[in-house]
Amino acid sequence: MADMHHDRTKRILVSMPTGSHTQRRKLEGILQYVRERHGDNWRLQLDIGGFVQQKLMCFADWRCDGIIAYIDNPSARRHFLSAKLPTVLIEPFLSPRSNISNRRNVVTFINDHSREGKTAAEHFLSLHFKSFAFVGTPERTPWSKLREHGFLARLEEAGQTCKVYPMLPPAEQKDFAREMPRLVKWLKRLPQPTALFAAHDIRARQILTAADAAGIDIPGHIAVLGVDDDGPICETATPALSSIPTQDHSLGYACGRALDRLFLGHPGNKLIRTAHTHVVCRASTDITAIDDPFVARALSWARGHLSEGASVDTIAKGIGYSKRMLQTRARKSLGSSLSDEIRRIMLSTASELLANTDKSVSEIAAECGFSSVSHLSLRFKKNYGVTPLAFRKSTAEGR
């Protein structure tokens, strides 16, 4: 039921571009908050093009009581702050120091694009890749650079290097047909197998197109991962595209809540970062880069028998191989023990089921080979820093 705790109808200026899937998801989140909490008592006025200076020269023309605005440059921030109204800003890439305003009536959300890059690196490292590549947006947008930075930084921590697709000439930045021969040539030079992270799903689709033209097998030769988890884009790709879902819907909802709190007199002057912590796995990354066929077979057997309590003993019996020899080959191939890798698979599978199914935590614990819900919770909290239910809630809000 709507919470009508404000006496007067409030007019909210929402300034946001709507030309992309991610921006529309933010708007959907704002709308959901308004419907649930205020009904007709909040009236949204949408500046459909985002920041258009000539339209916003005079805020009095909008007769608004509060503002939610997506901004991507300092002048836009100054413009919205000049209204001196309760204001929630969404900034895609600006630095924390430039976000903080000394005003009690301002809250700033920032998309942590570096974290998306780190999540991509973690995913590929868990699949035991040794060769990595990054392809950014043609014009190297700031958020693309941040995703690249996060990806490379995490790989560097793991002692790995990464090949980065070079900056394009201006004539090719907005003409994929002209760019494609260059991209095909670059992809052909990558070692096999390579784990490739693309700045977003559209760019990842272009990579799949170039790979198909060049006869490059996906994911056998190159495993491809994007960002946004844009369903129609990812699921109509061949093969279907793995992607990191952004928390745009929950971010929009949180913006509505933050503005509500400002109206109620709660202090602003806050910077809130979003987080992106899991991968929706599809066929484009359905590969484990392990050279030793016995170890690869052992891990495949383990994934299919988690509910039976997969262990080194059961795996060795299941594939008909010596336990001692399997442990030796696993350590040489993986750089860690087979037991450690089994635990990682159990947790990874549990996180995927929590994010992408409605199964209960007890069902997931049993399916993934944990002895109890408390066992799963303990391991999950230690690895991810949150409980299974908290993880599920955060990923559900992002869908």
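The values are calculated or read from the model by the stated rules, or taken from the named source; none is laboratory data. Being a predicted model, the structure only gives us computed values, none of them experimental. Only protein heavy atoms, including side chains, enter the accessible area calculation; ligands, DNA and RNA are left aside. Shrake-Rupley method; radii C 1.70, N 1.55, O 1.52, S 1.80 Å.
Stretching ARG104 away from SER336 to a fully extended chain increases their span by 78.5 nm, per 0.36 nm per residue minus the current alpha-carbon distance. Residues whose amide H falls under 5 Å from that of ARG140, counting only those 5 or more places apart or on a different chain, are absent, with hydrogens built in the peptide plane. Look at where the Cα atoms of segment 107-152 and of segment 364-394 average out, and the two centres are 26 Å apart.
Over all pairs of different C-alpha atoms, segment 179-235 has a mean inverse distance whose reciprocal, the Kirkwood radius, equals 11.4 Å. The mean accessible area for residues of segment 130-239, using a 1.4 Å probe and ignoring ligands and nucleic acids, is 46 Å² per residue.
How compact is segment 212-351 by the rule of thumb for globular proteins, expressed as Cα Rg over 2.2 N^0.38 Å? Write out the running numbers ahead of the final one.
Numbers: Rg = 21.4 Å, N = 140, 2.2 N^0.38 = 14.4 Å.
Taking N as the residue count of segment 212-351, the ratio is 1.49.
Projecting the alpha carbon convex hull of segment 226-288 along each direction and taking the average yields 5.3 nm².
A cut-off of 5 Å between modelled amide H atoms, ignoring neighbours fewer than 5 places along the same chain, links SER15 with ASP47, ILE68, ALA69, TYR70. Among the protein heavy atoms of segment 283-353, carbon and sulfur supply 47% of the accessible surface, probe 1.4 Å, non-protein parts ignored. Available extension along the chain between LYS359 and LEU378 is 5.0 nm, counting 0.36 nm per residue and deducting the alpha carbon span.
Take the chain, drop everything but the C-alpha atoms, weight them equally and run the Debye formula without solvent; then report log10 I(q)/I(0) at 0.06, 0.11, 0.15 Å⁻¹ to two decimals. Computed log10 I(q)/I(0) values: -0.29, -0.89, -1.34.
Among the lysines of segment 268-399, pairs at least eight places apart or on separate chains and with Cα atoms under 22 Å apart come to 7.
Only bridges whose two residues both fall in the chain count here: according to DSSP, what percent of them are antiparallel, nearest 5?
5 percent
Rounded to the nearest 10 degrees, the inclination of helix 176-188 to the longest alpha-carbon principal axis of the chain is 30 degrees.
With runs of 4+ DSSP H residues as the only contributors, calculate the mean residue ellipticity of the chain at 222 nm using -39,500 (n - 2.57) per run, divided by the residue total and rounded to the nearest 500. Working shown, then result.
On the way: 17 runs with 192 residues, N = 399.
Counting only the DSSP helices, I get -14500 deg cm²/dmol.
Near PHE109, the amide H atoms lying under 5 Å from its own belong to LEU89, ILE90, GLU91, ILE272; only residues 5 or more places off or on other chains count, and H is placed 1.01 Å from N.
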